[in-house]
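The values are calculated or read from the model by the stated rules, or taken from the named source; none is laboratory data. The shown structure was predicted, so the numbers you read here are calculated from the model rather than taken from an experiment. All Cβ positions, even for glycine, are placed from backbone atoms using ideal geometry, and neighbour counts span all protein chains on display.
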Amino acid sequence: MMNGLTITQFSPSDLEQVCHVFETAIPNAFEQDGIGHLTDDMRAEIEYKINTFRSAMDRDEPETCFWLAKREGVVVGTVSFGPSGEDIKACTGNQLEQVGELGSLYVLPDDQGQGIASALIREVVTYLHERGIEQFCLDSGYKSAQAKWTKKFGEPYVVVKDYWGPDTAHMVWLCSVVDFLD
């Protein structure tokens with residue numbers, strides 16, 4: 001992998017470092033989007049991600065799988081794949097309910113822009129392809145992420161205007177696995 005980066009599935013010993021990624025990257029995403037003042041929403045997002053990770057750790061066969069990007073043994077990024085979330089269901093009228101969601105894609109701010117998110121996505125896409133899964137979806141309410149995902153995944157499947165309030169949209173992408181295989 002690049003610059004000593006490895007992608008691994010999670011283990012219970014990773015919990016503290018994964019919490020650190022969420023507690024650092026999520027506030028950074030809120031700040032980048034100019035919504036850092038929404039501290040209750042930010043805290044709720046952090047807690048939701050941590051609880052999702054804990055739930056995956058506590059099951060022999062979790063609904064949601066996590067992969068971690070590590071540099072020299074330190075977790076610098078996360079990604080997950082599991083059932084489509086409530087926002088995707090709400091935005092699509094349950095059209096994508098049976099399509100799994102790529103989610104929890106966060107990279108520590110100091111490590112962003114180095115291809116870590118792309119490496120994590122490639123890992124998930126390979127996993128899906130090996131299991132015969134043909135599609136995945138993802139969503140974002142972060143404006144900065146929406147711009148990145150539109151560049152990487154193309155035009156969204158659906159855009160719901162004013163989803164988070166005036167002048168805020170939520171976007172959902174539907175992707176074919178084969179389009180993202182190396």
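Pairs under 8 Å by beta carbon, first residue within 14 Å of D110 (Cα to Cα) in the stretch 69-80, partner modelled with pLDDT under 95 and assigned to a loop (DSSP other than H, G, I, E, B), six or more apart or different chains? Pairs found: none.
Does K70 meet the test of being of a type outside the set (A, V, I, L, M) and farther than 20 Å from Q114 by Cβ? Criteria not met by K70. Put simply, of E45, E63, E31 the only residue that is free of Cβ contacts under 8 Å to residues at least 40 places away in the same chain and over 15 Å from G141 (Cα atoms) is E63.
Among the residues of the stretch 138-164, those that are in contact with a Cys (Cβ under 9 Å, 6 or more places away or on another chain) and either part of a loop (DSSP other than H, G, I, E, B) or in contact (Cβ under 8 Å) with a residue 60 or more places away in the chain (or both) comprise G154, Y157, V158, V160, Y163.
Of the residues that sit in the stretch 22-36 and are among the hydrophobic types (A, V, I, L, M, F, W, C) and out of contact with any strand residue (DSSP E or B) (no Cβ under 9 Å at 6 or more places or on another chain), which one is modelled with the highest pLDDT? Looking at the filtered set, the residue picked out is F30. As a summary of the residue check, Q98 satisfies the conditions (1) surrounded by 14 or more Cβ atoms within 10 Å (Cβ to Cβ); (2) free of Cβ contacts under 8 Å to residues at least 24 places away in the same chain; (3) of a type outside the set (D, E, K, R) except for the one numbered (1).
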